[in-house]
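A short write-up of the structure that comes next.
The values are calculated or read from the model by the stated rules, or taken from the named source; none is laboratory data. Since the model is a prediction, treat every value here as computed from it, not as a measurement. When we count neighbours, we look across all protein chains shown, and the Cβ atoms used for this are built from the backbone with ideal geometry, even at glycine. The area values use the complete protein model at the heavy-atom level, side chains included, leaving out ligands, DNA and RNA. Shrake-Rupley method; radii C 1.70, N 1.55, O 1.52, S 1.80 Å.
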Amino acid sequence: MRDHHPEYPWFTPDQVRLVRTCTLSGDAGDRAWHEWSATLDLNDVDPGSQRLLPLLYRRLVDRGIEADHLDRLKGVYRRSWYDNTMLLRGAVPALNALL
């Protein structure tokens, strides 16, 4: 079983750092990124954290942070964009039926 963060028992400490990286701006966000990325192994990211990787990519790009894993995160972002586009496209017939 993974350790849990003392303030947020439903999150692991790594998940808290990732959420902070994705939501905080300025020095606090950069600090959270450096803390989280210091132990980063993209092959071992838990499923809950994987859902945040597209947002992480956007935040890193928006902040101008160069990261070793940026190309891989870009691929995760693009896959998420594609999946969401296909999901929304599939909803069009149902939405049209409601009109």
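In table form, for the structure just shown:
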| quantity | calculated |
| --- | --- |
| Verdict on residue 79 being open to solvent by 100 Å² or more (accessible area, probe 1.4 Å) and in contact with a Leu (Cβ under 8 Å, 6 or more places away or on another chain) | no |
| Residues of the range 48-62 satisfying the condition of being over 15 Å from residue 11 (Cβ atoms) and out of contact with any Lys or Arg (no Cβ under 7 Å at 6 or more places or on another chain) | 53, 54, 55, 56, 58, 59, 60, 61, 62 |
| Search result, residues across the range 40-67 that are more than 13 Å from residue 21 (Cβ to Cβ), open to solvent by 30 Å² or more (accessible area, probe 1.4 Å) and either touching a strand residue (DSSP E or B) at 6+ places or on another chain (Cβ under 7 Å) or not in a helix (DSSP H, G or I) (or both) | 41, 51, 64, 66 |
| Out of 28, 32, sole residue that is surrounded by 17 or more Cβ atoms within 10 Å (Cβ to Cβ) and of a type in the set (A, V, I, L, M) | 32 |
